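Written out below as structure tokens is the structure these notes cover.
The values are calculated or read from the model by the stated rules, or taken from the named source; none is laboratory data. This structure is a prediction, so every number in the text was calculated from the model and none was measured. All Cβ positions, even for glycine, are placed from backbone atoms using ideal geometry, and neighbour counts span all protein chains on display. Each accessible area value is taken on the protein alone, full model and side chains, heavy atoms only, with ligands, DNA and RNA left out. Shrake-Rupley method; radii C 1.70, N 1.55, O 1.52, S 1.80 Å.
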Amino acid sequence: MASNIGELLLREKAITAEQLRSALDHQRKHGLPLGTSLVSLGLINEEEIAQALSRQLGYPFIDLVQFEVYPDVINLIPIEIAKKYMIMPIHRIRSFLTLAMVDPTDLEITEDIRFRTGLSIQPVIASESGVLAAINKYYGTTSDIRVKKIIDDIELAQDATVNIIEEEKDDYTVEELVHSTEEAPIITLVNTIFIDAIKKGASDVHFEPYEKAFRIRYRIDGTLYEAQSLPLKFKNPVVSRVKILSNMDIAEKRLPQDGRIRMRAKLENGGRKEVDLRVSALPTMFGEKVVARILDREMLKLDMTELGFEPESLAVFQEGIRRPWGIILVTGPTGSGKTNTLYSAIQNLNSIEKNILTAEDPVEFYLSGINQVNIKEEIKLDFPTCLRSFLRQDPDIMLVGEMRDHETVDVAIKAALTGHLVLSTVHTNDAASTVTRLVNMGIEPFLVADAVFLIVAQRLVRRLCKKCAIDHRLPPQALEEMGFTPEEVGRARVLKPKGCEGCNNTGYKGRIALYEVLRVTDEIKDMILTRAQSKDIKKKAIEQGMLTLRRSGIIKVLNGITSMEEVLRETIRD
């Protein structure tokens, strides 16, 4: 039936015969519906397809965002069928069902739905993204449905399968709390939430109590999304269950606590995945907020060629980490992928001839053949103490989680100047301003110039979903203002997100880093010694071939990897 769409669009002169042939080839190669292939190739957009079909077939076109669908209508068609056929039931009058369809020419679909429901079908036309958004809104994901069923089972149980600790009850006992968390439905509910987050590739799960709600959110590709909103009476059992799994003290609700969970999740393909969860509990106004950071080793990229370095920047970085001594600093805000870059560097250097030691707060991933130490400031095991001990351990390479104070930097510089390679992180806006930050910590400029030889700034941007990215037409003047060269403006094909089922309707799937690699050359050393401003150091580095964060982003936009919105969000113009 897909060919009918092609013929209708040809008749409407929405596409040419040559474009149809290209789309059919793309369809056969990738196994996609014809409409999706046309959109993926940038030949037409979804709404244009829907409008053209509406004119040719006489069925009305509707925007599903404007419709409110009632539960009794949704219950007529299972979610599996709605997703399989890309349909959405929207209205029922007596024996007639109004059905939003992406392809109303497919008579097999209408016949199947008529047979399943016993109703006469009145098709209307909607865009694919509109149908997907409506399915996600009204049906939810499979895990959402499972969680809702667990909650309904608990709510409707006559014999109270869970002992809920009421909000206003302050004189609870630990025994009551433990008992409530050991009931099967609460165990299943918490396990379902974590496994769903792991399957969706979330990096964090937030359990957030408010005055009248208990919200659960996932961070996926750096952005928070609401996953569930549970009744408030689930707050104590769910939070306590997570604290028990994390080996925290469930009786202590007044102070922050940290814990860790190791979990094995069974995937839909039958495989199993082991992940660590780093858990933090924080007392808030309406109860404890718990955040679980998911440490999935499969998400850790140790191959430096996959991180996002441009070839020229990667060559400079690889040359730098092969040096026998000195300091390499990776800079960027929290959550910008600094740890991944450092891990890839030391894994690249890891060999039987090298003694590699790391001091981390905390250790996120365990790397075979590398000696990793967890910082524990409560027993005075801090970064400076660790570094001094490292120097008595015959080290070749040392990784310091963060240079946050004068003492840590001072010991690291002494180590670098006595023949050791030191890698670490620092929080600054770009590579050049790192020099100013070190001097502000009280380090003499001549020590910075002698010890530091490479500074890497980075940011994470979301990757465009390959299945649904579409053309983003921008005026040439806007592109030039963003930093495109005149030559690039003439040939640039900029893409933007659209959203499909494969990317949870966000338009993005996965992340990639933007990199700025500053090599401390003799000229830049002289500028450091004279306390030059960071903007002047940056200007000199650009003259010497450094690619800035903005430039790294523009290259990725030109290659169709990310969108201009992502680059503008994470970088400033040079």
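Quickly run through region 367-380 and pick out the residues that are modelled with pLDDT of 90 or more and not β-branched (V, I, T).
G369, N371, Q372, N374
Which ones in region 56-76 are open to solvent by 60 Å² or more (accessible area, probe 1.4 Å) and either under 12 Å from H91 (Cα atoms) or under 34 Å from the mean Cα position of the chain (by Cα) (or both)?
D63, V65, Q66, F67, E68, Y70, P71, D72, N75
Report every pair of residues separated by at least 6 positions or lying on different chains whose Cβ atoms are under 6 Å apart, first residue within region 358-376 and crowded, with 17+ Cβ neighbours inside 10 Å, second of a type in the set (D, E).
I375/D361
Quick one: is L423 part of a strand (DSSP E or B) and of a type outside the set (G, A, S)?
yes
Condition check ((1) touching a Gly at 6+ places or on another chain (Cβ under 6 Å); (2) buried (at least 21 other Cβ atoms within 10 Å of the Cβ)) across all residues:
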| position | (1), (2) |
| --- | --- |
| L438 | no, yes |
| L447 | no, no |
| D471 | yes, no |
| P486 | no, no |
| K496 | no, no |
| C500 | no, yes |
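When region 287-313 is examined, which residues are found to be part of a helix (DSSP H, G or I), open to solvent by less than 20 Å² (accessible area, probe 1.4 Å) and of a type outside the set (S, T, N, Q)?
M304
Please go through (1) modelled with pLDDT of 75 or more; (2) closer than 17 Å to G499 by Cβ for L32 and return the number of the only condition it doesn't satisfy.
(1)
Given the conditions (1) in contact (Cβ under 8 Å) with a residue 24 or more places away in the chain; (2) in a helix (DSSP H, G or I), report the number of the one that E523 does not fulfil.
The one condition E523 does not meet is (1).
Of the residues that make up region 355-362, is at least one of a type in the set (D, E) and touching a Lys or Arg at 6+ places or on another chain (Cβ under 9 Å)?
Taking every residue of region 355-362 in turn, at least one turns out to be of a type in the set (D, E) and touching a Lys or Arg at 6+ places or on another chain (Cβ under 9 Å).
Please specify each residue of region 329-357 satisfying the condition of being closer than 19 Å to I294 by Cβ, open to solvent by 10 Å² or more (accessible area, probe 1.4 Å), in a loop (DSSP other than H, G, I, E, B) and among the hydroxyl-bearing types (S, T, Y).
T334 - this is the single residue of region 329-357 that is closer than 19 Å to I294 by Cβ, open to solvent by 10 Å² or more (accessible area, probe 1.4 Å), in a loop (DSSP other than H, G, I, E, B) and among the hydroxyl-bearing types (S, T, Y).
Are any residues in region 5-55 among the small types (G, A, S) and over 29 Å from the mean Cα position of the chain (by Cα), and if so, which ones?
Selection gives G6, A14, A17, S22, A23, A50, A52, S54.
With (1) in a helix (DSSP H, G or I); (2) open to solvent by 60 Å² or more (accessible area, probe 1.4 Å); (3) free of Cβ contacts under 8 Å to residues at least 40 places away in the same chain as the list, and S229 as the residue in question, which single condition is left unmet?
Just one mismatch for S229, condition (1).
Please work out which residue is surrounded by the fewest Cβ atoms within 10 Å (Cβ to Cβ), limiting yourself to region 87-105 and to residues that are over 32 Å from the mean Cα position of the chain (by Cα) and not in a strand (DSSP E or B).
My answer is R94.
Take region 378-412 and flag every residue that is in contact (Cβ under 8 Å) with a residue 12 or more places away in the chain, assigned to a helix (DSSP H, G or I) and surrounded by fewer than 20 Cβ atoms within 10 Å (Cβ to Cβ).
Across region 378-412, the qualifying residues are P384, R388, H406, E407, D410.
Determine which member of the set E252, E274 is open to solvent by 50 Å² or more (accessible area, probe 1.4 Å), free of Cβ contacts under 8 Å to residues at least 60 places away in the same chain and not aliphatic (A, V, I, L, M).
Criteria check complete, one pass: E274.
Out of all the residues in region 42-80, which are among the hydrophobic types (A, V, I, L, M, F, W, C) and not in a helix (DSSP H, G or I)?
Once the filter is applied, which keeps residues that are among the hydrophobic types (A, V, I, L, M, F, W, C) and not in a helix (DSSP H, G or I), region 42-80 yields L43, I44, F61, I62, F67, V69, L76, I77.
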